[in-house]
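Working notes, beginning with the structure itself.
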Amino acid sequence: MAATLLTVPALAFAQTTPTPAPTARTAAAPPTQTIITPVAAATARRASKVIGANVINEENNNVGEVHDLMVDMAGGGSIAVLSVGGFLGIGERYVAVPVSDLRWNNERERWMLPGATVDSLKARPAFTYPDRT
């Protein structure tokens with residue numbers, strides 16, 4: 001009896017479900033899924049490699065660090081939460097900038113925020129995380 005019970009899950013995995021035949025509606029409908037091409041993937045950066053990265057300006061001065069990335073669930077632009085000022089987490093301030101404002105600098109292999117200074121970033125409104133609901 002134990003051998004019979006062990007073969008039941010294998011039979012469940014071996015079953016296949018029939019694929020519905022395409023209809024005129026499904027064949028004509030455009031795909032709703034965005035396909036990322038190898039070229040687009042090659043120019044993209046993993047969030048895990050962006051978070052924690054130093055951000056510099058044109059003069060190669062460190063103006064902050066990417067603390068977090070926020071993705072707009074409604075499809076709007078994503079933001080980078082930068083940690084500005086402070087030392088070892090003391091006195092730091094969080095500000096938000098659109099991710100589209102960050103530029104990858106190939107020469108220095110760093111993220112750059114053109115025109116930014118520590119003072120100009122500190123002058124921005126402070127970013128506070130929304131309450132978790």
With charges set only on the Cβ (+1 for Lys and Arg, -1 for Asp and Glu), what does the dipole of segment 49-122 come to about its Cα centre, in debye to the nearest 20? 80 debye
Among the GluC sites (Glu not before Pro) in segment 80-133, which ones are in a DSSP loop with at most 10 other Cβ atoms within 10 Å of the Cβ? Mind listing them? Glu107, Glu109
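Computed from the mean reciprocal separation of all distinct C-alpha pairs, what Kirkwood hydrodynamic radius does segment 49-122 have, in Å? Don't skip to the answer; put the middle values down first.
On the way: mean 1/r = 0.0803 Å⁻¹.
Over segment 49-122, the inverse of the mean reciprocal pair distance is 12.4 Å.
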For an R0 of 22 angstrom, estimate the FRET efficiency from the Cβ-Cβ distance between Asp119 and Ile51 and round to the nearest 0.05. 0.40
Likely footprinting exposure, Asp68, Asp131, Asp119, Asp101, fewest C-beta neighbours within 10 Å first: Asp131, Asp119, Asp101, Asp68
Between Phe127 and residues 5 or more places away or on another chain, the pairs with built amide H atoms under 5 Å apart involve Tyr94, Val95, Ala96
List, in order, the whole-Hz ³J(HN,Hα) value for each residue of segment 65-77 obtained from phi through the Karplus relation with A = 6.51, B = -1.76, C = 1.60 and θ = phi - 60°; use x for Gly and Pro. 9, 6, 8, 7, 10, 10, 9, 6, 5, 8, x, x, x
Describe numerically, in nm with one decimal, the distance between label points set 7 Å from Cα along Cα→Cβ at Asn61 and at Thr128. 3.0 nm
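Here, each number is a calculation from the coordinates, and none is a lab measurement. If you're wondering where the values come from, they're calculated on a predicted model, not measured in any experiment. Quick reminder, even Gly has a Cβ in these numbers, built from the backbone with ideal geometry, and neighbours come from all protein chains shown.
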